[in-house]
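Let me begin by presenting the structure, written as structure tokens, before commenting on it.
Any read-out appearing in this document is the output of simple, stated calculations on the displayed coordinates, not a laboratory observation. These figures come from a predicted structure and were not determined experimentally. Please note: Cβ atoms are built from the backbone with ideal geometry, for glycine as well, and neighbour counts cover all protein chains shown.
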Amino acid sequence: MRVLILGGTGDAIALAAQVSMLPDVTVITSLAGRTLQPVAPVGDVRLGGFGGADGLVAYLREHGIDVLIDATHPFAAQMSWNAAAAATTIDIPHLMLVRREWTKVAGDRWLEVESVEAAAQAIPMAAKRIFLTIGRQQLAPFAPLTECWFLMRSIDPPASDLPLPKGKLLLDRGPFTLDSERELLKKYAIEAIVSKNSGGDATYAKIIAARELGMSIVMVQRPVMPVGERVSDVASAVGWLKQRL
């Protein structure tokens, strides 16, 4: 069996490691190539895009892929829609591994919005020092907010031609501890956070720290995903695959 994992997440790396140990299974992980120094998964690795759903169909056929597992980031919606369409076209099993969303608990002060652009408009008026944890590709909507100062954290630096808001760029890769996130918010006198609802444990510490400090979070909700078979953890994905061996 030849399994293609659409990766780019910690779950995809863990899944590739476990799938590689199954007998008579070859695993290939595809990475979009957006991270300059990605963590290399076990097994074969493919870098770069496919050229839409049609390009993915061509790749699946050319390489004799038997099973497609979409373990991309919850906000990589276009790739997920392309994967669902491609798997349907050539009629192979297709699974989405989508980690659970964070849910609001007592003490959380969330303002939930539908997009990064909406988040830029929803920052509380009283907050002038903002922690942006949305990655490096969607910082431009905050550039016009010249009355605010932004701490921007991402794995890699943004493109040189991207308009950036006023503030400081911090290059770092999770997971982050509660102590480090708490100290970061205090060090830079942060008053509000803008985050995507990525889910998982690697970056949840900032949510806890904000809760402890009574800080508001402008939370960008996930995009609509295609209908299909879905699990929320690596163990369930491995179990699903074993049923098809």
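Side notes on the structure shown:
- Inter-label distance, nm, simple model (7 Å from Cα along the C-beta direction), R2/L178: 4.7
- Ratio Rg/Rh [Cα only; Rh per Kirkwood] for the stretch 104-160: 0.97
- Rg and Dmax [Cα atoms of the stretch 58-160; Å; Rg one decimal, Dmax integer]: 18.8, 56
- For R129, distant residues with modelled amide H under 5 Å away: W149, E191, A192
- Dividing the radius of gyration of the alpha carbons in the stretch 131-215 by their Kirkwood radius gives 0.94 for Rg/Rh.
- Evaluated at q = 0.17, 0.20, 0.21, 0.23 Å⁻¹: base-10 log I(q)/I(0), Debye formula over Cα of the stretch 1-117: -0.83, -1.08, -1.17, -1.36
- For K166, the aspartates and glutamates whose Cα comes closer than 15 Å to its Cα, not counting residues fewer than 8 places off in the same chain, are E147.
- The gain in end-to-end length when the R222 to A122 segment is fully stretched comes to 34.3 nm, 0.36 nm per residue minus the alpha carbon separation.
- Under the simplified labelling scheme, the I208-D91 pair shows an inter-label distance of 4.9 nm, with each label point 7 Å from Cα along Cα→Cβ.
- Ellipticity estimate at 222 nm from DSSP helix runs (n ≥ 4, -39,500 (n - 2.57)) divided over the chain, nearest 500: -8000 deg cm²/dmol
- Where labels lie 7 Å past Cα in the beta-carbon direction, separation of V42 and K168 in nm: 4.0
- The aspartates and glutamates within cross-link reach of K206, meaning a Cα-to-Cα straight distance under 12 Å and a gap of 8 or more places when in the same chain, are D108, D179, E181, E183.
- FRET efficiency for the pair S115 and Q18, taken as 1/(1 + (r/R0)^6) with r the Cβ-Cβ distance and R0 = 45 Å, rounds to 0.85.
- Relative contact order (%) - the stretch 1-117, alpha-carbon pairs under 8 angstrom, separation at least six: 26
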